[in-house]
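Quick note: the coordinates plus some simple rules give every number you see, no bench work behind them. Just so we're clear, the structure is a prediction, and the values are computed from it rather than from any experiment. Counting neighbours? That spans all protein chains shown, and the Cβs are built from the backbone with ideal geometry, glycine included.
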Amino acid sequence: MRALLHRHEFYLAALTLALSAGIALANPAFCSVANLFDLCQGSTVMGLFALGVLIVLVSGGIDVSFAAIGAFSMYVTSKVLLGLDFQGSAAVALVLGGAIGTLLGLFNAFFIGFLRLPTLIVTLGSASLFRGFLLAFIGTAIVNTLPAGMVRFSKLTLWEMRLADGTIAGLPASFLLLVVAALLVGCVLQGTMLGRGIYALGGNPVAAARAGFNLRGRQLFIYGGTGLLSGLAGVVHACMMRNANPFDLVGMELNVLAAVVLGGAGITGGRGTVLGTLLGVGLIVTINNSLILLDVPSYWQKVVVGAVILVSTGITARTGWARARGAGLC
């Protein structure tokens, strides 16, 4: 029990449950099956982005280009498949979007891993580069007619339930993609030497290099993997919206970074878990959803998210100090 009380995820889960209980008392519609399915759907794209950002933060870097990569992959994938008159499975769209995202992520990795440029500067520049190239050379018009396979994927559900008013609520199949991605990222970070090397890179790059870890290879994996997850997130977003808008996903960076930091990932690297990240995503989505249900103006979302970040990081700092004091380090 003492170990549980020292885990950041425990406090984050308790905060989410307390917030959910309060919202349910104010508006019982929050606990409806349809709203719970909406929360799962709303968590999918943000969760895929957040898993990629988690890997970067654990390694001691920071990436703000993931939204631009997602938009680029989504739009290019839709245009290419429409140009080929492709009518097959959405799996092809996911593979193509993921491949495009991986290439763009490797573009970041080259400057970070081989030229040793600061991660924030590289990803700021590449975000502007990717978005500008997309709008200047590929297109600015919204693609309102997606390939048939992507449309079918948007309608596919894992579980359906008929509600009292006769409507049918369903858990979208895209949520399964988030679950699989979370399991894979968790296995890599916690159960492989590759993951240990990523934590070591974030904790102390010099010590990691002296220990024999291939830092450049890990940088390629980190930013290529983040690009892959971002490309998948972009294609899933297009399927959910049933259109490809090159101006979409702009402004998601704050919420995604907030979710990962809320989940306990350290800005300085070396710390973070998949469970904490998913809890952070759930909390941000719950906050945004609850403000809508309670008819609170949307601009208050930023106020609430900022306050929650301060409280969460404060709790993390206090538990860290308590742990260090108990170990006699301070």
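Using a Gaussian network model of the chain in which every pair of alpha carbons under 10 angstrom is joined by a spring, one finds that among Gly276, Gly186, Gly227 the greatest mean-square fluctuation is at Gly186.
Across the options Ala71, Gly202, Ile168, the greatest Cα extent toward the positive end of the charge dipole of the chain (unit charges at beta carbon of Lys, Arg, Asp, Glu) belongs to Gly202.
Ranked by Cβ crowding within 10 angstrom, fewest neighbours first, how are Ser32, Ser290, Ser65 ordered? Walk me through the intermediate numbers first.
Working: Ser32 15, Ser290 22, Ser65 28.
So the residues, fewest neighbours to most, are Ser32, Ser290, Ser65.
Taking every DSSP helix (H) stretch of at least 4 residues in the chain, weighting each as -39,500 (n - 2.57) and dividing the sum by the residue count yields a mean residue ellipticity at 222 nm of -23000 deg cm²/dmol.
Taking all Cα pairs closer than 8 Å and separated by 6 or more residues, the relative contact order of region 45-277 comes to 44 percent.
Region 158-202 and region 1-64 have Cα centres separated by 13 Å. Direction-averaged projected area, Cα convex hull, region 153-235: 7.3 nm², rounded to one decimal.
Percent of C-alpha pairs per 10 Å bin in the chain, short distances first: 6, 25, 33, 25, 10, 2, 0. Separation between the Cys187 and Leu36 pseudo-spin-labels, each 7 Å from Cα along Cα→Cβ, expressed in nm? My value for the distance between the label points is 2.8 nm.
What dipole magnitude, in Debye to the nearest 20, does the chain give about its Cα centre under +1 on Lys/Arg Cβ and -1 on Asp/Glu Cβ? Don't skip to the answer; put the middle values down first.
Numbers: 18 positive and 9 negative charges, 210 e Å.
Taking the Cα centre of the chain as origin, the dipole is about 1020 debye.
Over every Cα atom in region 92-146, the radius of gyration and the widest Cα-Cα span, Dmax, amount to 13.6, 42 Å.
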